[in-house]
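S.K.: Sharing a structure here in structure tokens format.
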Amino acid sequence: MLMLYTYPRGFDQFSLSPFCVKAAALLKLSGLDWTRRDLDDPRKMPLAKLPVLNTEERLIPDSHNIRQYLESQGAVFDPDLSDMQRAQSHALIRMAEEHLYFNLVLDRWGNDAVWPTIREIYFAKVPALLRRPVANGLRRKLMRGLGTHGIARFSAKERMMRVEQDLKAIQTCLWQGPFLMGNRPTSADLSVGPMLAAIRSTPVQTPLSRRVAEDAQLSDYIDRLEDKVPLP
């Protein structure tokens, strides 16, 4: 049986990571038998990150690689899509995973109002005396990385303006049907939906989490996808 190594549950989500939620949703739609194993420290995993899928042949890191493996086993996530729709799907996935995601990370790790809650949840298994220095050290390293990436150089107002363009693009797609590509979930939904759900579930309300939570169209979409692709 396939085993998905994932970060633990949190904030009423299958996992603290939207990429782990995506991988679980891919497995759910694949129809293959699988189970989960929660990890807190991915440093011994390939690429030193999660999710990782344990197959009989090897460990497969990264949700995109997991999708490719499942497709090689016969899973079809984008049936009946035209070439144009497949191109749009690819662009939506990259938008969610390369832009919305880093805004989510910055909202959780870089926001001083949110960080204390994130620290206590993410690092709950670190002994109390070591939790703050360990967590704060990783936070500084991550924030340097976000500065190099460039997203942390924008003001909060500028970031929200950029995110708003992403959300409007998603909403434009949703005017055409219950899911991004029509009447059934496809690979784009399995990236965009978990990312929006993670933003909405940020444990301390922020302008970003409130923007998604208070938008009926986006919230209904998140709930509809979770009902259509229920995770254990």
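S.K.: Please determine, by comparing only the residues of segment 56-96 that are of a type in the set (Val, Ile, Thr) and not in a helix (DSSP H, G or I), which one is farthest from Pro46 (Cα to Cα).
M.R.: Looking at the filtered set, the residue picked out is Val76.
S.K.: Here is a check on your reading of the model: is Phe123 open to solvent by less than 50 Å² (accessible area, probe 1.4 Å) and either more than 23 Å from Leu26 (Cα to Cα) or modelled with pLDDT under 95 (or both)?
M.R.: Judged against the criteria, Phe123 is a match.
S.K.: Just checking, how many residues over segment 106-120 are among the β-branched types (Val, Ile, Thr) and either outside any helix (DSSP H, G or I) or buried (at least 18 other Cβ atoms within 10 Å of the Cβ) (or both)?
M.R.: Qualifying residue count for the region: 2.
S.K.: Of these, Ser15, Ser89, which one is touching a residue at least 60 places away in the same chain (Cβ under 8 Å) and buried (at least 18 other Cβ atoms within 10 Å of the Cβ)?
M.R.: Ser89
S.K.: Checking the structure you have, find out if any residue of segment 66-76 is within 17 Å of the chain's Cα centre (by Cα) and in contact (Cβ under 8 Å) with a residue 12 or more places away in the chain.
M.R.: Yes; the residues of segment 66-76 include at least one that is within 17 Å of the chain's Cα centre (by Cα) and in contact (Cβ under 8 Å) with a residue 12 or more places away in the chain.
S.K.: Separate question: Considering every residue within segment 186-204, establish whether at least one is open to solvent by 10 Å² or more (accessible area, probe 1.4 Å), within 14 Å of Lys28 (Cβ to Cβ) and either touching a strand residue (DSSP E or B) at 6+ places or on another chain (Cβ under 6 Å) or part of a strand (DSSP E or B) (or both).
M.R.: Within segment 186-204, not a single residue is open to solvent by 10 Å² or more (accessible area, probe 1.4 Å), within 14 Å of Lys28 (Cβ to Cβ) and either touching a strand residue (DSSP E or B) at 6+ places or on another chain (Cβ under 6 Å) or part of a strand (DSSP E or B) (or both).
S.K.: So, one more: Assess whether Ala48 counts as being of a type in the set (A, V, I, L, M) and touching a residue at least 40 places away in the same chain (Cβ under 8 Å).
M.R.: Criteria not met by Ala48.
S.K.: Run Ala128 past the list (1) modelled with pLDDT under 95; (2) closer than 16 Å to Leu100 by Cα and report the number of the one that doesn't hold.
M.R.: Single failed check for Ala128: (2).
S.K.: Also, I was wondering about something else. Could you please find all residues in segment 30-65 being hydrophobic (A, V, I, L, M, F, W, C) and either open to solvent by less than 70 Å² (accessible area, probe 1.4 Å) or more than 19 Å from the chain's Cα centre (by Cα) (or both)?
M.R.: Leu32, Trp34, Leu39, Met45, Ala48, Leu50, Val52, Leu53, Leu59, Ile60
S.K.: Asp40: under 23 Å from Phe14 (Cα atoms) and assigned to a loop (DSSP other than H, G, I, E, B), yes or no?
M.R.: Yes: the conditions hold for Asp40.
The values are calculated or read from the model by the stated rules, or taken from the named source; none is laboratory data. Just so it is clear, the model here is predicted, and its values are computed rather than measured. Please note: Cβ atoms are built from the backbone with ideal geometry, for glycine as well, and neighbour counts cover all protein chains shown. The protein model used for the area step is the full one, side chains on, heavy atoms only, and it has no ligands, DNA or RNA in it. Shrake-Rupley method; radii C 1.70, N 1.55, O 1.52, S 1.80 Å.
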